[in-house]
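Below you'll find the structure, written out as structure tokens, and then a few comments.
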Amino acid sequence: MKVYCDMNIFNRCFDDQSQIRIHLETAAVEAIFDRAEAGEFVLCWSFILDYENRLNPNAERREGIKLFRGICRANITASNIIRRLAQRITREFRLWPRDALHVACAEVSGCDFFITCDDKIVRATPRITKGLDLKVRAINPIDFVKKVIANAENDL
């Protein structure tokens, strides 16, 4: 299984943990990273994640995210296929260009899941995947842990 996470996933553990949703998502993200490190699935990194991390004004977060990058076993490089798909997603489904690039990276690289804390992306992706016949599924980290990791454990 291949999994792609957008930048809000890599940033989640640096966020204010006093909000219950953020705290729960952080626990889920940590479980996802632990499982990726253990080799249970391939976590992917991309050129757009590099770009967004470079834009982060907080040096501590930038360096922490660089460490998280080390658990990613696949690297997605820029391509015309990704660019064209992202442009189409932006134009036809009104997703922000960077968000569209994340979806396109996940799809073109053959990821099964695109994990994000962005509710708008999670809600929009079923329409996008149906409209463009894409395979990748967007999911919140908590739902990924409940539906994918917990189900895998139950199958053991």
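Structure notes:
- The single residue among Thr90, Thr77 that is free of Cβ contacts under 8 Å to residues at least 60 places away in the same chain, crowded, with 18+ Cβ neighbours inside 10 Å and farther than 19 Å from Arg137 by Cβ turns out to be Thr90.
- Qualifying positions in segment 1-14 - basic (Lys, Arg) and either under 14 Å from Thr116 (Cα atoms) or in a helix (DSSP H, G or I) (or both): Arg12
- Once segment 15-52 is narrowed to residues that are among the aromatic types (Phe, Trp, Tyr) and assigned to a helix (DSSP H, G or I), the residue that is surrounded by the most Cβ atoms within 10 Å (Cβ to Cβ) is Phe33.
- Conditions (1) more than 17 Å from Phe33 (Cα to Cα); (2) surrounded by 22 or more Cβ atoms within 10 Å (Cβ to Cβ): number failed by Lys130: (2)
- Options Tyr4, Tyr51: the member that is touching a strand residue (DSSP E or B) at 6+ places or on another chain (Cβ under 6 Å) and within 16 Å of Ala104 (Cβ to Cβ): Tyr4
- Answer from Ile139, Ile149 - the residue that is touching a residue at least 12 places away in the same chain (Cβ under 8 Å), of a type in the set (A, V, I, L, M) and under 20 Å from Asp15 (Cα atoms): Ile139
- Failed condition for Phe68, given (1) over 12 Å from the mean Cα position of the chain (by Cα); (2) more than 15 Å from Phe10 (Cβ to Cβ): (2)
Read the figures in this text as sums done on the coordinates, not as results from a lab. Everything quoted here is computed from the prediction, not taken from an experiment. When we count neighbours, we look across all protein chains shown, and the Cβ atoms used for this are built from the backbone with ideal geometry, even at glycine.
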